[in-house]
Amino acid sequence: MKLDDWICYCYHVPLRKLLLFARREKPLRASQMSQCLGAGTGCGWCIPILKKIHAESTAEATFEEGQSVPGLPETAEEYAQARRRYLASGDEKNQF
Ligand code: FES
């Protein structure tokens, strides 16, 4: 996924915003990632990804353009398809 791809579809929050928020604000808990434009407070689909971003940010990882967060699909389309499956099934296990 690219830095400008949305992670939270409900609030249109891109990966770049979340990474910068995590780096700048250094939230103590993953749940505080929601303070970044409300990410994760809609359908809940992106919460596991927000947790991964938070975990990676606390590991002092640096992200560059074209690099993906471990555990995320390679493309925004794969991510969007996984969300559609999640919304259709309502099953948290139906991620990627
Ligand atoms: S996609 Fe993030 S809360 Fe729905």
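The values are calculated or read from the model by the stated rules, or taken from the named source; none is laboratory data. On a predicted model such as this, the values are computed, not experimentally measured, just so you know. Please note: Cβ atoms are built from the backbone with ideal geometry, for glycine as well, and neighbour counts cover all protein chains shown. Ligands, DNA and RNA are stripped out before the accessible areas are found, and what is left, the full protein with its side chains, is counted by its heavy atoms. Shrake-Rupley method; radii C 1.70, N 1.55, O 1.52, S 1.80 Å.
Per-residue answers, yes or no, for (1) within 13 Å of the ligand (Cβ to nearest atom); (2) assigned to a loop (DSSP other than H, G, I, E, B); (3) at pLDDT below 95:
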| residue | (1), (2), (3) |
| --- | --- |
| F21 | no, no, no |
| G40 | yes, yes, no |
| I49 | yes, no, yes |
| T62 | no, yes, yes |
| R84 | yes, no, yes |
| E92 | yes, yes, yes |
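Within the stretch 23-38, the set of residues being surrounded by fewer than 17 Cβ atoms within 10 Å (Cβ to Cβ) and in a helix (DSSP H, G or I) comprises R23, R24, E25, S31, Q32, Q35. Counting the residues of the stretch 6-19 that are open to solvent by 30 Å² or more (accessible area, probe 1.4 Å) and either over 21 Å from Y86 (Cβ atoms) or modelled with pLDDT under 95 (or both) gives 2.
Residues of the stretch 1-19 that are in contact with a Cys (Cβ under 8 Å, 6 or more places away or on another chain) and in a helix (DSSP H, G or I): K17, L18. With respect to the conditions (1) modelled with pLDDT under 90; (2) over 14 Å from F21 (Cα atoms), T58 lacks only one, and its number is (2).
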